[in-house]
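Visitor: Just dropping this structure here.
No value in this document is a laboratory result; all are computed from the given coordinates. Bear in mind the structure is a predicted one, so any value in this text is a computation, not a measurement.
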Amino acid sequence: MFQFGIASILLLISTVCALYEGSAIVDHPIEWKYSTPFSQFLYGEVNSNSSISQLDYFIYAAKFQPTFPAIMVISSLYLLILIGYHLIKQQHKRFAYYLSFWGGVLFLLSYFIFNSPTFGGQIFFYIWLVSGVFCIVTAVITYFQILNRNTNEIKN
């Protein structure tokens, strides 16, 4: 419960800070074309600062001031893994599949921003890549521990 509380507080604080940092996009109309994918999807071309979605604040902050968005991503991943572990800790095989799923998602996310020209994009590429490797390696270790345990039970 302590880990869940700390990770949740960290996620909340980093989200507020990332929103604040990302709100600087309102003052940079040059970036509206490149850093407002949600607003462009919802409203079409962005012509005024009032039509910028708050989700785009996260995109802008992640591209140019990635500290708090990176903390958001890491604490979110930690919460997802912690929740999954507590929900299915008795079913080790399912937990291995759960980690494999998240590993695949993280590899896919890192693939989408592989050639990002911004510093923030490069940071997120490495965060998602390393997290994906961590999830896959942990899933493989967990799965083989299950196989090893089952093999030992059969021998005895």
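Visitor: Compute the Rg/Rh shape ratio of segment 89-142: radius of gyration over Kirkwood radius, all on alpha-carbon atoms.
Guide: That ratio is 1.12, to two decimals.
Visitor: Turning to a different aspect of this structure: From the backbone phi of segment 79-89, what are the Karplus-calculated ³J(HN,Hα) couplings (6.51 cos²θ - 1.76 cosθ + 1.60, θ = phi - 60°) in whole Hz, Gly and Pro given as x?
Guide: Once rounded to whole Hz, the list reads 5, 4, 5, 5, 5, x, 4, 6, 6, 10, 5.
Visitor: If you don't mind, another one. Ratio of the chain's C-alpha Rg to 2.2 N^0.38 Å, to two decimals?
Guide: Scaled against compact globular proteins, the figure is 1.30.
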